[in-house]
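Report on the structure given below.
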């Protein structure tokens, strides 16, 4: 079953360089539909854990959790922390089918990753969207992580495989659970569904928001146990710890 919308038709407006900024309606004057002032005021994630990208007071540190036990994934790349207006844009894309906003976020994430590749970040061999359970996919009609991954794949010319990972159980929504419950919730929830050889390959998971990292950890462990050499995580935003600003 293919529930994903036809992306080229649904976001055609984002290919028009003369369109207004999607945030303020002023002329964007950029290849993507956001003006420079609005882009500069997005909640850019500057100081963060160098592994999981958790917001921290200083750059280049490790958070307590990563210092105690390194996760199965190597590195998280997230341009923004989960704050206004990016949080509202994700919600409108994810729950209200506003494809141009998702396409804009994907393009800016692609630009961010391209810059990071020019610095020192290794390019992955394959992009893997975080899978959605079949029932939830039928209800929503699309997987926002798959849409992001396929847009980034086209922009960066990195292959994407949306069939390699499979969600076996329709678990309760992660946002309603604490960190310990999230980990229990995901035990045995994922499997490798495709026969593509990942032995010795560098893979990157793609999702919209990273909260506790439990989903990324479960998937990265599955891929590493199957022989992947390295697993990174690419997402739009990283949330702080509960109670942090």
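All of the numbers you see were taken from the coordinates with simple rules; none came from a lab. What you see is a predicted model, and the numbers here were worked out from it, not measured in a lab. Every residue, glycine among them, receives a Cβ derived from its backbone with ideal geometry; neighbour counts consider all protein chains shown.
Things to note:
- For residue 24 and residue 62, the FRET efficiency from 1/(1 + (r/R0)^6), where r spans their Cβ atoms and R0 equals 41 Å, is about 0.65.
- Two-site label geometry, residue 95 and residue 225: point separation in nm, points 7 Å out along Cα→Cβ: 3.3
- Cβ-based exposure ranking for 58, 147, in which fewest neighbours within 10 Å come first: 58, 147
- Net length gained if the chain between residue 191 and residue 133 were fully extended (0.36 nm per residue, minus Cα distance): 19.7 nm
- Between residue 170 and residue 84, the simple spin-label model (points 7 angstrom out along Cα→Cβ) gives 3.5 nm.
- Per-peptide packing, taken as the mean over residues of other Cβ atoms within 10 Å, places 99-106, 218-225 in the sequence 99-106, 218-225 from highest down.
- Only beta bridges with both residues in segment 46-238 are counted; by DSSP, about 20 percent of them are antiparallel.
- Anisotropy class of segment 46-238 from Cα gyration tensor, a/c 1.5 cut: rounded
- Sorted fewest first by neighbouring Cβ atoms within 10 angstrom, 81, 202 come out as 202, 81.
- Whether segment 9-147 is rounded, prolate or oblate, judged on the alpha carbon gyration tensor where a/c under 1.5 counts as rounded: oblate
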